[in-house]
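Everything on this sheet refers to the single structure shown next.
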Amino acid sequence: MSHDELIKQLKQRFYYLTEQGQHRIYWDSVTGEKLRTMHLFNHCYEWLKKVGGDTDALAADWPKFQKRISGEYFTPIVLNPKYRPEKNTVVNVDGNLHPNSWRWPKVEVPKQKLDYSPFVKHLRLMLGSKTKVDYLLDQLAYRYQNPDHVNNPKPHIAFFLYGKPGYGKGTFLKVITNVFGETAVKVAPDQAELKGGSSVDLWKRTWLFVEEVDVRQGSTDYNKIKTFVGATTADAARKNEHVSKHELPAQLIMFSNSAPTFIEPNDRRFFISKFETEFDSKEAKQRYFTDYHEWLDSDEAYPAIAYLLKNRNISHFKLAAEAMMTDEKRDITTLVSDVVVDHILAELEDEKNEAICFIPSDFRQLWEDHGIKPSQIKHKLSEAGLKMNRSKRYRYEPTGKSRNLELWTRPEWTLQRKQGQPATLVKTDGTTMPLEEDEGYQSFWKYTDF
């Protein structure tokens, strides 16, 4: 193997990064390491040795040959990896070459169908219905059959699977990792990982799993998750970097021991389901999982699941469809809705709260904590029994300020306004009170920033 042939082989594997002092820095497309020219000697040595070349001559001539390598043109690369499934190790994006963070999975799709029924039966047992299993398999199959997220964007759907420990949530993660490949999956041990400066990198895969979830509705965590679930790109600042645009190909799968508390009443993004079942005895459970894990450990299990996802008919799949409404989600969203109204009622029943009038912003923290949208606020206030008065302009004499206000009164009070007379609050028992004497009316003039 001549020096020209060695240089040709070096150029196929190594890319130019930068200069540091008098040293050239290369990127190794196989290991991902940064190397200097001197490190290339071992590669040339092994290549020569493999073909029976003169390694002694290479060692003797290395100082001179090293200078020649340093003067050669190596293709430059931008060390900002891009996620491009089923593409080459180095990919061209907008005219620049980047490392491809995706690698082929070890599991290959077999040419002939293998028995994947244990996997489907397991999902049926844990999810509790064939409809939910079909929905989950359709989502998995869409991503498996359409790995190119640039031309086939992800569904804006996330999954929340919850239930007692020991029923296979971790095993499900293992299956997806093996079938899609290790580089297609990112795992965060808890949602705290989603807060970091470089957390956007977690979303640069096909699947993002978050374990031990405890997210509060209206929190920064939830708002960020909701945004990234519903987006294919986002402007974000990685640690020690300026804000730039990032791709977000990952679909989110969240695991928890308990049901979610952050879901909004009108949520369209989350598929929510229990992931557990009942067994007749501990022994029956142990036998079942022993058999299932033995099947997964066989040589045919993961190829069988790959065959299922690759060949599943998804012609009916609708990319823009909202998440399937499960019984669990319906119960949770109903509960969330009731909790908001209960909070308002509790505040009205508080003996220390003598206010008669309220404005929607009095409950701002409640709206934020539970993700209540502006279009839902009137409905929530009405459900709590408060009565709305048409928005009109009010003047607060002690300060001379005036503004339009939408006032809500307690159920037993009515607000009366007659032209030329001060606004008056009238109770069902005939009691009256000037509006300006109400603590609620006074408080939002004093504490609300106009």
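Structure notes:
- Three-way shape label, the stretch 194-286, alpha-carbon gyration tensor, a/c 1.5: prolate
- Contact order normalised by residue count of the stretch 333-447, Cα under 8 Å, 6+ apart, percent: 25
- Computed helical MRE - 222 nm, the chain, DSSP H runs ≥ 4 contributing -39500 (n - 2.57), nearest 500: -11500 deg cm²/dmol
- Across the stretch 53-61, coupling constants 3J(HN,Hα) worked out from phi with the 6.51/-1.76/1.60 Karplus curve, θ = phi - 60°, read x, 8, 6, 5, 5, 4, 4, 5, 8 Hz, and Gly and Pro carry x.
- Antiparallel bridge percentage (DSSP; both residues within the chain; nearest 5): 65
- Helix 40-50 axis, angle to the chain major axis (alpha carbon atoms, nearest 10°): 50
- Only Cα pairs under 8 Å and 6+ residues apart enter the sum, and on that basis the relative contact order of the stretch 1-133 stands at 17 percent.
- Computed from backbone phi with θ = phi - 60° and the Karplus coefficients 6.51, -1.76 and 1.60, the 3J(HN,Hα) list for the stretch 132-147 is 5, 4, 4, 5, 5, 5, 4, 5, 5, 5, 4, 5, 6, 7, 10, x Hz; x is used for glycine and proline.
- As a ratio to 2.2 N^0.38 Å, the alpha-carbon radius of gyration for the stretch 126-185 is 1.23.
- FRET efficiency for residue 314 and residue 432, using Cβ-Cβ distance with R0 set to 60 Å, rounded to 0.05: 0.35
- Sorting 68, 205 by the number of Cβ atoms found within 10 Å of their own Cβ, with the fewest placed first, yields 68, 205.
- Pairs from 106/285; 174/224; 154/224; 113/164; 318/373; 387/418 whose Cα-Cα separation, in the structure shown, is over 29 Å: 106/285; 113/164
- Note on the chain: with charges restricted to the Cβ of Lys and Arg (+1) and Asp and Glu (-1), its dipole about the Cα centre is near 1520 debye.
- Cβ-based net charge around residue 71, under 12 Å, with every Lys or Arg adding one and every Asp or Glu removing one: +3
- Order of 6, 140, 319 - criterion: other Cβ atoms within 10 Å of each residue's Cβ, fewest first: 319, 6, 140
- Sum of side-chain charges, residue 96 neighbourhood, beta-carbon under 15 Å (Lys, Arg +1; Asp, Glu -1): +2
- The stretch 261-368 shape via C-alpha gyration tensor axes, a/c threshold 1.5: oblate
- Whole-number Å³ per residue for the convex hull built on Cα positions in the stretch 117-325: 125
- Over the stretch 295-450: Rg over Rh, Cα atoms, Kirkwood Rh: 1.30
- Extending 7 Å from the Cα toward the beta-carbon at both residue 421 and residue 214 defines two label points whose distance is 5.7 nm.
- For the chain, averaging the sequence separation of C-alpha pairs within contact (under 8 Å, six or more residues apart) and dividing by the residue count gives a relative contact order of 13 percent.
- Couplings for the stretch 267-283, taken from phi via the Karplus curve 6.51 cos²θ - 1.76 cosθ + 1.60 with θ = phi - 60°, read 4, 10, 9, 9, 8, 10, 7, 5, 10, 6, 8, 10, 10, 5, 7, 4, 5 Hz in order; Gly and Pro are left as x.
- Trypsin sites (Lys or Arg not before Pro) restricted to the stretch 219-260 and DSSP loop, no more than 15 other C-beta within 10 Å: 239
- Crossing angle, helix 301-311 versus the chain [Cα axis fit, 0-90 degrees, rounded to tens]: 70
- Residues whose placed amide H lies under 5 Å from that of residue 394, excluding near-sequence neighbours: 403, 404, 405
- For the chain, the longest principal axis of the C-alpha atoms and the axis of helix 117-127 are separated by about 20°.
- Shape class for the chain, computed from the alpha carbon gyration tensor (a ≥ b ≥ c): oblate, with a/c not under 1.5 and a/b at or below b/c.
- Residues in the stretch 172-187 that a label on residue 299 would reach, taking backbone N under 19 Å of a point 7 Å out along Cα→Cβ: 179
- Sorted by Cβ neighbour density within 10 Å, fewest at the top, the residues 288, 142: 288, 142
- Inter-label distance, nm, simple model (7 Å from Cα along the C-beta direction), residue 80/residue 108: 3.6
- Measuring against 27 Å, Cα to Cα, the residue pairs 8/186; 132/226; 132/310 contain 8/186 as the ones spanning a longer distance.
- Here the peptides 74-80, 422-428 are ranked by packing, the mean other Cβ count within 10 Å, and the order with the highest first is 422-428, 74-80.
- Counting DSSP beta bridges with both ends in the stretch 117-325, the antiparallel % (nearest 5): 25
Readers should treat all values here as calculations from the given coordinates under stated rules, not as data from a laboratory. All values reported here derive from a predicted model rather than from experimental measurement. Please note: Cβ atoms are built from the backbone with ideal geometry, for glycine as well, and neighbour counts cover all protein chains shown.
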